[in-house]
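The structure under discussion appears below in the form of structure tokens.
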Amino acid sequence: MTRLGLRGALLGVLLLWSCAPSGRSPASAPATRGLDQPARIVTDRWGIPHLRAASLPDLYFAWGYVTARERLWQLVSQRQAADGELWRWLGNRTLRADAGAQLFELRARAEAAWASARRDSAAAMPLERFAAGVNAYMARCRSGAAHWPAELEALGVKPADWRPADSIVLLLGQGVALDLAIPELAEAEEIEAHGREWAIARRRFESQWIYDTIPDSAAARLYGPAPRTPAREHAGRIAPVDARLLAAARGALDGWLSPGAADPEARASNVFAVGPRRSASGYPLLANDPHLSLSIPSPLQAIHVSVPGVVEAIGFCVPGLPTLVSGRNLRCAWGVTALSADVVDAYADTLSPDGRRVRGPGGWTPIRESSYDLGVGWRGFSLPVFWRHRRYTSHGPVLVEDQSRHIALSVRWAGLADSLLVTPLMGVERSRRATEVCAHFAALATPCLNLVAADADGRVLYQASGALPERGFDPGPGPLPGDGAHEWRGIVPHDRLPAWGAPPGGYVVNSNNRPVGSRYAEPLPRFDWAHDRALEIAGRLDRLPRVSLRDLAAIQNDIVSRGAARLLPLLLGCADSLPERWDPRMRAALDTLRRWDDRAARPLVAPTLYRGWVGALQRRSRLGGLTGLTAGRSRGARPARSSAPAPPRPSARPRPRSPRWRWPSTRWPRSSAPICAPGPGRAPIARCSRARSRASAAPGSRRRSRSRATTAPPASGPRGCRGARRSASARCAATSSISR
């Protein structure tokens, strides 16, 4: 098997390089019904299956078969979780998560989507043939010709057959993981404790380091002058929720999803591409590294699919979905990251005194109610949960209710819109142009993604995909009042989602950052966090007149911390303002940090010291997730001075040898400048003296004047990896085939 390519290396997708499997005689071929002609499966020494079939129906059958062979436990356990039925296998420990899955009715949504998709052969055939392949392998397990996964054996469970709607329910599960975040709950706590103006002022520093994937100059051509976003009506009104209601809402979501988004600065997925005039080869180059949570097995599966004259592609799929979400073929390459858009709003709806109706824009409407399909284990018996019911307002599922105040906290998620489609996503691996790839993703409702596609004709395209709410107002912090003045106008049409074609001599970068700025007609709230990864990638590409695959690999392996370069000089300045507080061990730690060059290399102690210092500071000052505010207070600036540049920091050689120590308690200098004006009877949350860096005057210190290397070497992995690679290379490729 030859390496995929066109005239050498036209397109590259990093981390997707295939390697020719060693030629080995095939193992015995199991007889499998359902194929028109034999299909061949070769598993190379990296564990990547290579599928070759005579037709598309046979390819999708083999795809389902090999997925079940390698990921059957993952398939059936995720299906069970999305259906809210893990309690049948694992007991009471999963009841809360199962209740969340049933509350959002993922199974009902998937069945409705399949009822629509089955009328389109372009979607029905891949999903039906994939399901047939999964069931063919499960039939072998039932007959004893193959073994059930060890997890199913331990549970004593024989799963039901796979159905096409099961693939759709897994797609919705990906939407839950990537899109369904409700930061309004944490914001409401701040509003109740300190007031809405305090909560707004608290984030005044956080929009200093935003990178827009579509440049302002291109956005001006695409969208014209920046529109005036209508101000939020009744901006001074606060949705009437209290601490007890919020605590109950968090409890309802506990074990299923986080009530707020994860730390935005921890997001590190990236996709970037350069045009043909910027590429050393004269063809576009594309790199993708989608970061998902660590799990065994992994959330993605590498696979190579081939039908002569029809498709020749390799990439990553979500196990259970027969389509390559990131990959390349002979003509195209594409990659994705999570869009990170705010597609969920929480509403404080007003209930009638009897609790059976909710007030909406058109008056009072009845609340829909359903029963939970849950059983509580008690002394060997399973008792149905008959005392709790699922309730739905016009906005969506009700998380919690306050009967005394007649309030229901409900959630509206754009991913549950009736326009949920799976048809366009099928067959993306057969695209011949970047525009076709974008068309496949554009109509996807959930999860919301950033897509970058490139083709051999020189096109490099960016496309945002997913169901974005068309609000027409700035939602602001906290839950929205259910007063009819904050209703969505609908979902942004797919042809109006942010999209852009990069110039031949340019590039496009996304690392979960904001796709487009204020010129876009629809506000994109909650993107006000440091887009350091995107800024670093764009900065390195700016310094490269010609870009090669080696350069893309170096950029993806970059280990420079822009956050440390920005924040550490300020922290050192604060520390140097209080030299009398430091003992010799603390001084050793500070000296280690002064000599650090901001590279987070494994042998260094400084990165751990920095993260420990910043983490302790933000926890004790209640500044979690507020890097801009932390930096502003470090230099003693008021909100109006938030854009002041950070002072330079002296540095010496990296990789110091430091003694072992325990990190001491963090102390924070004070000054009279509060973060923001406190409300009546409230004190400022933190104070700090204006940073006065004495590092430059420290004996033996030198001012650093370095520029980032444009082709930094990749980060070295653990030493044990070399032996692991040699061991993997020595293994013989496992070869098998399936026939009629």
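The values are calculated or read from the model by the stated rules, or taken from the named source; none is laboratory data. Computed from a predicted structure; not experimentally measured. Counting neighbours? That spans all protein chains shown, and the Cβs are built from the backbone with ideal geometry, glycine included. The accessibility values were calculated without ligands, DNA or RNA, using every heavy atom of the protein model including side chains. Shrake-Rupley method; radii C 1.70, N 1.55, O 1.52, S 1.80 Å.
Counting the residues of the range 167-186 that are touching a helix residue (DSSP H, G or I) at 6+ places or on another chain (Cβ under 7 Å), among the aliphatic types (A, V, I, L, M) and modelled with pLDDT of 90 or more gives 4.
Have a look at G327, G275, G363 and point out the one that is open to solvent by less than 50 Å² (accessible area, probe 1.4 Å), more than 24 Å from P447 (Cβ to Cβ), out of contact with any Lys or Arg (no Cβ under 8 Å at 6 or more places or on another chain) and modelled with pLDDT of 95 or more. Quick ask: steps written out before the conclusion?
Numbers: G327 fails: more than 24 Å from P447 (Cβ to Cβ); G363 fails: modelled with pLDDT of 95 or more.
Going through G327, G275, G363 in turn, just one is open to solvent by less than 50 Å² (accessible area, probe 1.4 Å), more than 24 Å from P447 (Cβ to Cβ), out of contact with any Lys or Arg (no Cβ under 8 Å at 6 or more places or on another chain) and modelled with pLDDT of 95 or more: G275.
Residues in the range 103-110: is at least one open to solvent by less than 10 Å² (accessible area, probe 1.4 Å), in a helix (DSSP H, G or I) and in contact (Cβ under 8 Å) with a residue 60 or more places away in the chain? For the range 103-110, residues open to solvent by less than 10 Å² (accessible area, probe 1.4 Å), in a helix (DSSP H, G or I) and in contact (Cβ under 8 Å) with a residue 60 or more places away in the chain: present.
Results for (1) in contact (Cβ under 8 Å) with a residue 12 or more places away in the chain; (2) under 30 Å from L285 (Cα atoms); (3) within 20 Å of the chain's Cα centre (by Cα), shown as yes or no for each residue.
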position: L468; (1), (2), (3): yes, yes, yes
position: P475; (1), (2), (3): yes, no, no
position: G482; (1), (2), (3): yes, no, no
position: A485; (1), (2), (3): yes, no, no
position: G505; (1), (2), (3): yes, yes, no
position: R514; (1), (2), (3): yes, yes, yes
position: L524; (1), (2), (3): yes, yes, yes
position: F527; (1), (2), (3): yes, yes, yes
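May I ask you to verify whether R496 is free of Cβ contacts under 8 Å to residues at least 24 places away in the same chain and charged (D, E, K, R)? Give the steps one after another, and end with the answer.
On the way: free of Cβ contacts under 8 Å to residues at least 24 places away in the same chain: no; charged (D, E, K, R): yes.
Answer is no for this residue.
Among the residues that make up the range 438-457, is at least one of them part of a helix (DSSP H, G or I), at pLDDT 95 or above and surrounded by 17 or more Cβ atoms within 10 Å (Cβ to Cβ)?
yes
For the range 278-316, give me each residue that is of a type in the set (S, T, Y) and either open to solvent by 30 Å² or more (accessible area, probe 1.4 Å) or modelled with pLDDT under 95 (or both). Across the range 278-316, the qualifying residues are S281, Y283, S293, S295, S298.
Looking at R96, R71, R129, which is the one that is within 25 Å of G375 (Cβ to Cβ), basic (K, R) and either under 30 Å from the mean Cα position of the chain (by Cα) or part of a helix (DSSP H, G or I) (or both)? Talk me through it step by step, then tell me what you get.
Numbers: R71 fails: within 25 Å of G375 (Cβ to Cβ); R129 fails: within 25 Å of G375 (Cβ to Cβ).
R96 is the lone residue from the list that is within 25 Å of G375 (Cβ to Cβ), basic (K, R) and either under 30 Å from the mean Cα position of the chain (by Cα) or part of a helix (DSSP H, G or I) (or both).
When Y392, Y347, Y372 are screened for being over 16 Å from A249 (Cα atoms), surrounded by 14 or more Cβ atoms within 10 Å (Cβ to Cβ) and aromatic (F, W, Y), only Y372 passes. Among the residues making up the range 187-206, those that are touching an Asp or Glu at 6+ places or on another chain (Cβ under 8 Å) and either modelled with pLDDT of 85 or more or open to solvent by less than 40 Å² (accessible area, probe 1.4 Å) (or both) are W198, A199, R202, R203, E206.
Of the numbered criteria (1) crowded, with 16+ Cβ neighbours inside 10 Å; (2) at pLDDT below 90, the one P319 fails is (2).
Do we find a residue being outside any loop (DSSP other than H, G, I, E, B), buried (at least 21 other Cβ atoms within 10 Å of the Cβ), under 32 Å from the mean Cα position of the chain (by Cα) and of a type in the set (G, A, S) anywhere in the range 147-155? No, the range 147-155 contains no residue that is outside any loop (DSSP other than H, G, I, E, B), buried (at least 21 other Cβ atoms within 10 Å of the Cβ), under 32 Å from the mean Cα position of the chain (by Cα) and of a type in the set (G, A, S).
Here V358 does not fit the description of being under 30 Å from S326 (Cβ atoms), of a type in the set (V, I, T) and either modelled with pLDDT of 95 or more or open to solvent by less than 10 Å² (accessible area, probe 1.4 Å) (or both).
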